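The structure under discussion appears below in the form of structure tokens.
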Amino acid sequence: MKFKVMRLSALARATAATVALVAANGVVSAMTPGTYGATVPARNGAMTVEVTVEANAIKDVRVTKHEETPGIGSLAIEAIPARMVELQTAGVDGVTGATVTSDALKRGVEEALKKAGAEPGFFAKKSPVAKAAAPLVTQADVIVVGGGGAGMVAAATAVDGGASVIVLEKMAMLGGNTARSEGNMSAIDPEPEKFLDMTPAVRAIIAKYTDRPACSKEAAELQKVVKEQLAAHDAAGKKYLFDSPELFALQTIMGGDCKNDPKLVLAMAKNATAAMLWLDEQSDMTWKHVPRHWIDVGIGGIYPRGQWPRKADGETPISTYDAYIKPLAEKVTAAGNPIYTSTKVTEIVRDASGRVTGVRAEKDGKVVEFKGKNVVLAAGGYGANLEMVKKYNNISVRATSNQPGATGEVIEEAVKAGAALEGMEWIQIHPHGNPKNGELESAIAGRPQDTPYVNVDGVRFIDETGRRDELSHAILEQPGKVVYAIFDRRTIDEGKVREDLMTSALERGFAFKAETLADLANAAGIKSDAFVKTIDAYNVATRKQDASSLPVTKILFGLTVEKAPFYAVPITTTIHHTMGGIRINEKTQVLDAKGEPIPGLYAAGEVTGGIHGTNRLGRNALTDLLVFGHIAGQEVSKK
């Protein structure tokens, strides 16, 4: 991974204002002029900082190496050095939402300053000089509440439609839960003839959803359509993977136990490819169409239709922030539209006729009313609000992978404005939580078709290619509620786990590595003899592509686990996604208790309900926000 050195040359010069500030704070230092460095542990790995000082002043602060998340930790790295030089202290405020990175950076600068011989004044907290704020823009055609994936898609689409836009984001940075995700979405490839060939295992997956009793009339109708489509596919002599919007919708509906709104699901399935291509056009990112390369069902995705964001070469990984958020934010601001962070919406405003005319929000300690012809709610779910989680689902899991701003108050404000709710009791727990901090480890936990899960007794207990809720609840039943994802060197060689991420995980104690299976078990605390027998039997079944000899079956096998070195990633369950939220229709209009649209009010993304039912299939969150964020942006920009 390459790192950009963050420099703030304008602030690095010893200006008269800086000297005055130093004098005002009474700092008399005997620092030895020069450049001093320090390396400290940060959120994702080691961070290296360099501080250049004169005898009585901090001249420059820069981060020369880091592995922090783009759009989250990177914002702290961009902002904090400037504050330190301006205020002449390491004791500055961190960036909300990037606390771990902020604290690491400050700790590194403190260590460097101590090497320089800095006196206490350079570590004390100081207040910044108040600056005149630019006047707020408080009126536009569209007010978008939330700067995550759905909000930025809606805002950028509305700009495409000629609308003026104001984006309001509660946190100090854009991105929401989207920026913390892997970024993989589900969509049907625009060139399916490039798919890999059908296999018996893939046919078995389809049969699992077409041949069992349907849970609703709509699901039964889709079963019939999919069977006819597959028969036509075979009759035409097509050997490549079969897929269709109807199969996508059927699996989503039955994967959510038919508690979904079929109209919303079909809208998502039918518009997914177009939404994917739209994002591709917004910057130099592109998509790796995984079913052209290997059969991968994703984490609880149940079918090979995953699309992975990549840089322009189609192979180099790109952060979700850089793929989904940054180019859309740049598009919005380049068109002259403001994005206000640290702005918390507290009320949805309606006029005497009942039409929504804007929102009230807290900004810089003041309540400001932002007026618009239409309002799009895209503020995310409530997975980081444990009281709200308990209110709707008294789930035993308390760790969450959600960003701290996912607290659901906009959902409650929508209810006050007349909105109906849908499926609030359905909360998804994810099987790839880090047992130490609750954060997701999907990026290092391998692919489910390649990766057996074992408990501390060394035995498998679940089909790893199943639904997320099945996997998560099975983990909760294991000793200690922690299990291990096991894979070998080929998973890294094939790019299914990035080596730099694994190296960082090993350094932080989030994974184990060994040259033999027995040594891996001993390192991870797994019963060695049973573990070796389990993996040996798993490898035999994988080579035969036949699970009949296994105590626990598996519908789809990928790689064996036999090429050293071997890896074990501890995983547990964590609150991940709230499937319930504001009720909408296919146009993303917010509906009231009678099912009637509330004029001027739209919603998209995790703030909504009705799309995923009881269980969201893996990768469908990104599809959801792209499709419905795009629809919302089109609807609110109609003339």
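The values are calculated or read from the model by the stated rules, or taken from the named source; none is laboratory data. These numbers were taken from a predicted model, which means no experiment stands behind them. Cβ sites come from the backbone with ideal geometry, for glycine too, and all protein chains shown count toward neighbours.
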Of the listed residues (279, 264), the one being part of a helix (DSSP H, G or I) and either within 28 Å of residue 471 (Cα to Cα) or among the charged types (D, E, K, R) (or both) is 264
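Quick check on my filter: what residues within region 138-173 are part of a loop (DSSP other than H, G, I, E, B), of a type outside the set (Asp, Glu) and modelled with pLDDT of 95 or more?
138, 146, 147, 161, 162, 163, 164, 170
Being assigned to a strand (DSSP E or B) and among the acidic types (Asp, Glu) is the filter here, so list the residues in region 44-67 that pass it.
Passing the criteria: 50, 54, 60.
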Is it true that some residue in region 597-615 is within 26 Å of residue 273 (Cβ to Cβ), in a loop (DSSP other than H, G, I, E, B), out of contact with any Lys or Arg (no Cβ under 9 Å at 6 or more places or on another chain) and among the small types (Gly, Ala, Ser)? yes
Answer with yes or no whether residue 633 is crowded, with 24+ Cβ neighbours inside 10 Å and closer than 12 Å to residue 421 by Cα. no
Among the residues of region 455-507, write down those that are more than 15 Å from residue 445 (Cα to Cα) and in a helix (DSSP H, G or I). 469, 470, 473, 474, 476, 479, 480, 481, 507
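Check region 511-518 and report whether any residue there is surrounded by 21 or more Cβ atoms within 10 Å (Cβ to Cβ), under 21 Å from residue 431 (Cβ atoms), touching a residue at least 24 places away in the same chain (Cβ under 8 Å) and of a type outside the set (S, T, N, Q).
Scanning region 511-518 turns up at least one residue that is surrounded by 21 or more Cβ atoms within 10 Å (Cβ to Cβ), under 21 Å from residue 431 (Cβ atoms), touching a residue at least 24 places away in the same chain (Cβ under 8 Å) and of a type outside the set (S, T, N, Q).
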Filtering region 289-309 down to residues that are in a loop (DSSP other than H, G, I, E, B) and either in contact with a helix residue (DSSP H, G or I) (Cβ under 9 Å, 6 or more places away or on another chain) or surrounded by 24 or more Cβ atoms within 10 Å (Cβ to Cβ) (or both) yields 295, 296, 297, 298, 299, 300, 301, 302, 303, 304, 305
Quick one: which of 569, 552 is assigned by TED's automatic domain parsing to the domain that holds residue 474, hydrophobic (A, V, I, L, M, F, W, C) and buried (at least 24 other Cβ atoms within 10 Å of the Cβ)? 569
Anything in region 68-112 that is within 13 Å of residue 179 (Cβ to Cβ), small (Gly, Ala, Ser) and part of a helix (DSSP H, G or I)? List them, or say none. 73, 74
Looking across region 172-187 at residues that are buried (at least 24 other Cβ atoms within 10 Å of the Cβ) and among the aliphatic types (A, V, I, L, M), the single one that is nearest to residue 400 (Cα to Cα) is 179
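Yes/no per residue for (1) more than 18 Å from residue 295 (Cβ to Cβ); (2) among the basic types (Lys, Arg); (3) outside any loop (DSSP other than H, G, I, E, B):
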residue	(1), (2), (3)
530	yes, no, yes
541	no, no, yes
561	no, no, no
569	yes, no, yes
